Amino acid sequence: MAFDVNEIRTEFPILNRQVHNNPLVYLDNAATTQKPQVVIDAIVDYYTNYNSNVHRGAHQLADEATRKFEAARDSVANFINASSRCEVIWSAGTTESINIVANGIAKLLKAGDEVLVTEMEHHANLVTWQQACLASGATLVVAPISDKGELDLEAYYALLNTHTRLAAIPHASNALGSVNPIQAMTARIKSISSDALVMIDGAQGIAHCDVDVQAIGCDFYAFSSHKFYGPTGIGVLWGKEQLLADWPVWQTGGEMIAEVSYQSAKWNTLPYRLEAGTPNIADVIGFGAAVEWFQQLDKQAVLAHELSVLNCATQMAESFDGLEIIGSAQHKVPVLSFVMQQGHPADIGFILDRQGVAIRTGHHCAEPLMNRLNIPGTARASFAIYNTVNEVERLFEALEKAKKMLA
Ligand SMILES: Cc1ncc(COP(=O)(O)O)c(C=O)c1O
């Protein structure tokens, strides 16, 4: 289907609103995207027409809820090309997905093992591994980036050895936009340490990159629904079936058991063994609607549109006096991070907001990365499917005003 940004915009009701008497320009998509009407409708439909618990009810509503809930799993499995639907585990989001992996590996890690991360991590993909290493005596190894914000691949590969037990890699940096060559990296890691597991933090990859988990060759891929046009509070841990089938359970309770006595319990099969308790049914169904909605679009056309908006923003930024772009990797998701001589990012964010332009400012949950770059934080405009060149122009008009006010 041909991609028409103006048509897409009509599907997002929030884009019609005014903020401080200006039409909203929403450029905080790396934090969370807006939701199309079909997603909102799917959630309302569940609560209005067939609200019920899943898997265990002996009635029509439970049956309908279970069918939609499991259909959403099929949609996700299909979207990321999982080899089996039981490899798709529902979580609360990327953070919880990473914690499920860390919970499992914490029981395998020992002194002498190494966990390899990068200097561009979001805290979710850093603190989790840092704590797992502290608890097990394993060593956290941090691979460097260049000043442009690209992973130094030569240095990365030099850090690999037979002690590398886990490599946790961001598909893309939320603060800089840099996209990592995860497929090539996974192949290299596996060729050096056959024991190494590879986990991809896909929070920023899922909406803006091609994700085929079988082609990537990784062991785990984690992502959040809310950064991909779906609701908050729901996410996915994809993992290889042979790994997850024996993976230490995450939480215990109902749903995840096969058999229980007063003294012991046997675990359920995948995916349920990693999904204890009543799941977030409404949001799973909402996320299923988001994935289905996105899949009927031409993904390559969507990505090309997003990159053209980013390119336009980058060109305007390059000729904007006093502005420095932070993160100029060759391959980027649509993220423009910058600092301005004229003022602190927080002040810029405030002035832009008064003009209806929503960006994010601060360390973007990547404090060590900001320290590495010697800056307190950045202002970040991040784009999505519905953003336009006209909105980029609004951003720079607002920045002109901010510059004058702060001078
Ligand atoms: C790269 C990256 N990893 C992990 C996360 C955590 O995602 P969530 O807060 O949805 O769990 C984010 C959120 O911004 C992110 O950008």
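Quick notes on this one:
- Residue in region 217-230 that is of a type outside the set (S, T, Y), farther than 26 Å from A184 by Cα and either buried (at least 24 other Cβ atoms within 10 Å of the Cβ) or in contact (Cβ under 8 Å) with a residue 12 or more places away in the chain (or both) present: yes
- Verdict on D321 being part of a helix (DSSP H, G or I), closer than 28 Å to A381 by Cβ, among the acidic types (D, E) and out of contact with any strand residue (DSSP E or B) (no Cβ under 8 Å at 6 or more places or on another chain): no
- Residue satisfying all of: in region 187-196; out of contact with any Lys or Arg (no Cβ under 7 Å at 6 or more places or on another chain) and not in a helix (DSSP H, G or I); farthest from the ligand (Cβ to nearest atom) among these: S194
- Conditions (1) assigned to a strand (DSSP E or B); (2) out of contact with any helix residue (DSSP H, G or I) (no Cβ under 8 Å at 6 or more places or on another chain); number of the one not met by L140: (2)
- Evaluated against (1) more than 28 Å from N6 (Cα to Cα); (2) part of a strand (DSSP E or B), D347 falls short on exactly one condition, (2).
Conditions tested, residue by residue: (1) crowded, with 18+ Cβ neighbours inside 10 Å; (2) β-branched (V, I, T).
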residue	(1), (2)
D283	yes, no
A289	yes, no
A304	no, no
V335	yes, yes
P345	yes, no
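- The set of residues in region 62-110 that are within 15 Å of the ligand (Cβ to nearest atom) and touching an Asp or Glu at 6+ places or on another chain (Cβ under 7 Å) comprises I89, W90, T94, I98.
Residue-wise test of (1) hydrophobic (A, V, I, L, M, F, W, C); (2) within 23 Å of the chain's Cα centre (by Cα); (3) surrounded by 15 or more Cβ atoms within 10 Å (Cβ to Cβ).
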| position | (1), (2), (3) |
| --- | --- |
| E11 | no, yes, yes |
| L15 | yes, yes, yes |
| L24 | yes, no, yes |
| T33 | no, yes, yes |
| Y46 | no, no, yes |
| Y50 | no, no, yes |
| F69 | yes, yes, yes |
| R73 | no, yes, yes |
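Read-outs throughout are calculated quantities, based only on the coordinates presented, and are distinct from any laboratory measurement. Note that the structure is a prediction, hence the values are computed from the model and not measured. All Cβ positions, glycine included, derive from the backbone under ideal geometry; neighbour counts span all protein chains shown.
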